[in-house]
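Trainee: Below you will find the structure I want to go over with you.
The values are calculated or read from the model by the stated rules, or taken from the named source; none is laboratory data. Just so it is clear, the structure is predicted and the values come from calculations on it, not from any experiment. Neighbour counts run over all protein chains shown; Cβ positions are idealised from the backbone, glycine included. Calculation scope for accessible area: heavy atoms of the full protein, side chains included, ligands and nucleic acids excluded. Shrake-Rupley method; radii C 1.70, N 1.55, O 1.52, S 1.80 Å.
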Amino acid sequence: MSRHLLVVDDELTIRKTIVAILKKAGYEVKDVASAAEAIALVESEAIPFDLILTDVIMPEVDGLSLVKQLRSMNTYAKRPIVCLSGVSRDEAVLLSHQEISDISVLAISDWLSKPIDPMILMQRIAELLNVSSVSSSGQSLPSNFVSSTLSDLDGRIVNCNKAFAHNTGY
């Protein structure tokens, strides 16, 4: 049975790269560009997502506020939610659109810094979902999947190696 994941990130290139990595590993993935779209999607999905990955710094509603909204829903009160950010947890709280004095109340499952190493991403997701490093399609995760990308200041990938391109379809 394939695991159902949601990726929330306002940066199209980053979002599509993460989606490609997750799909290559055998996950069923949906993606949206904002917290509002994420809330609408989780409320309309017949099958709840097994794990949600969200960017932290987004326009309008930030990722920490999204986590707070998700945690208030019974279905997502204890499901894994991973925050992705180019800033530290403390900086994210300061930049948050809402007053969140204690980030621990959000019960964030993991915090990954951008640029994201694909192998670390896959390892953390596997740990949070209690799955082995073999995808649901029976394929092992690529051992040569080395994070070799060059990003601009906005986090857009401007160059990557052949292994990254092959494994992600980027």
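Trainee: Report ³J(HN,Hα) in whole Hz for each residue of region 50-55, in order, from the Karplus equation J = 6.51 cos²θ - 1.76 cosθ + 1.60 where θ = phi - 60°; Gly and Pro get x.
Mentor: Coupling constants for region 50-55: 7, 7, 10, 10, 9, 5 Hz.
Trainee: Compare the peptides 41-48, 3-10, 112-119, 56-63 by average per-residue count of other Cβ atoms within 10 angstrom and give them in order, highest first. Walk me through the numbers on the way to the answer.
Mentor: On the way: 41-48: 11.5, 3-10: 22.4, 112-119: 18.1, 56-63: 19.8.
The most tightly packed comes first, giving 3-10, 56-63, 112-119, 41-48.
Trainee: Solvent-accessible area per residue for region 40-80 at a 1.4 Å probe radius, Å²?
Mentor: It amounts to 47 Å² per residue over region 40-80.
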